[in-house]
Amino acid sequence: MMPDPKPQQFISESTVVSSTYRKEDFNAKAKKAFVWLWFAQLVSNLGTQTSLYGIGLWFFSRTERLSDFALVALVVQLARICVLPLLANRLGLWSRKKVMLIANGVGALCTFAFAIMLLRENVILSLPALLVIQGLAAMAEATLILSFSTLIPILIVDKQELFRANGLFATTDSLVLTIAPFFGSWFSGLLGLQGVLILDGSSFLIALFCVLSAPWSSKFVVPSEVLQPLGISQLVQIWDRFKDFWVNMPLARVALVISTTIAFSYAATEVLFPAWVVVAYGTKHMALVLLVASFGYLLGFLAWRQKIGNYWQRILFIVILIQSLVLMGAGLQAFADDLVIWFAGVLVFSFGLPIVMSSIQQLWSQLVPAKDLPRIFALRYTFEWSARMMAFLTVSIAVDRLLKPALEWPDLPAWIQASLGVGEGRAIAVALGAIGWVMVIAIWSQVKNLRTSY
């Protein structure tokens, strides 16, 4: 007598249904974790970046030395870069929840240490100690950025939703970098250093609460293989892996060159563009600029979420090229005189910001397996943050020491002088045009690699 096949069929279907429910439950839990951690990262990053500018301006108001303001930015970038080798080598072995909780706790303690030092009468004499505390806070923030950015491809496995998640992370991250100088200036001027510290400390506490509230799971972490303690031999191995990464993966070359160039170009624009507006057009012009730029940024973010994210490979270079042309136009006197074209350029450039940053995030997310993401993203941020630091250090020197004397040179050909102009802020505008050329050269150098990769 043949056995009844129905029980076996029933068991198989039940198993499939149960597996489906478990998968859906995992995906729902992962999405909730992403939302909580994204908000934690947003709040924490905003507080750190705002305090960076606020503390720098506070030092400048006390000492009237611009070098003190630049010194804070330099210390923050160096601290971020220095902590990356350790994180690249060990992050895959640690509980990501504990790492983020510790990092938020360290940030809050640093803010508390700042508050204690405010009670001292000669706080300016304690500048080295204050810079050390700021460096520790920057290391904590770098740990949070690397921890969360390498978790995104693990939490969000659906391709379409990954586009949106990467877009949300990259867009808000770049938006924070854009608005933090204004928040920092406002808080520092309105409430002093105390107001900046209250904002920074509150942001870390809110982020700490969000990390605790996220529905964590052991499946969210993909561990790396067991690694040896970081030493000279390990640094040599990391360099060898980087060379192999560069030689054998055309897409890796695209990611490194483009993301580093964009980091440098956008950081230079953050410094040059506000200065150009204030010098050439006055502070009243800035409010309208911010309104147009915010509108363009919002349009770009919505466009990425709706359609453009699906075609990022095709449009990344196109959008960067359009932005570079806008910057080149800033260096020409004819476009600076036509306000309609000028504001259209602001709108178009701002529209491209979230698209470019989201595309770069998507590009890095698909480079390597999840277990290698901490190392690869550490490499990424090392190059990007180094590029931003170089931009902060070099653009003002280039304008003051090279471009201003060049434009005032009496033997400058008349046709060059007519096209570049000689009015207020023209040296800054020409520097923006030069940044546009840097972006074009980066695109041109990587077209072949991008085509090889797809």
Neighbour-count ranking for MET328, MET139, MET100 (other C-beta within 10 angstrom, fewest to most) reads MET328, MET139, MET100
Take VAL395, VAL440, VAL75, VAL356 and order them by how many other Cβ atoms sit within 10 Å, fewest up front.
VAL440, VAL75, VAL395, VAL356
Pairs over 32 Å Cα to Cα, from LYS32/LYS307; LYS31/LYS243; LYS371/LYS448; LYS97/LYS448, come to LYS31/LYS243; LYS97/LYS448
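Assuming R0 = 35 Å, what is the FRET efficiency of VAL278 and LEU325, from their Cβ-Cβ distance, to the nearest 0.05?
So the FRET efficiency works out to roughly 0.90.
Sum up the charges of everything whose Cβ sits under 11 Å from the Cβ of ALA431, counting Lys and Arg as +1 and Asp and Glu as -1, but leave ALA431 out. Walk me through the numbers before you get to the answer.
Working: positive: LYS404, ARG426; negative: ASP400.
That works out to +1.
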Provide, for q = 0.08, 0.13, 0.14 Å⁻¹, the log10 of I(q)/I(0) from a solvent-free Debye sum over equal Cα point scatterers in segment 231-454.
-0.34, -0.82, -0.93
Got a sec to turn the phi values of segment 369-379 into Karplus ³J(HN,Hα) couplings, 6.51 cos²θ - 1.76 cosθ + 1.60 with θ = phi - 60°, whole Hz, x for Gly and Pro?
x, 4, 5, 9, 4, x, 5, 5, 5, 4, 4
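Quick note: the coordinates plus some simple rules give every number you see, no bench work behind them. The structure displayed is predicted, hence computed values, not measured ones. Note that we place each Cβ from the backbone using ideal geometry, even for glycine, and neighbour counts take in every protein chain shown.
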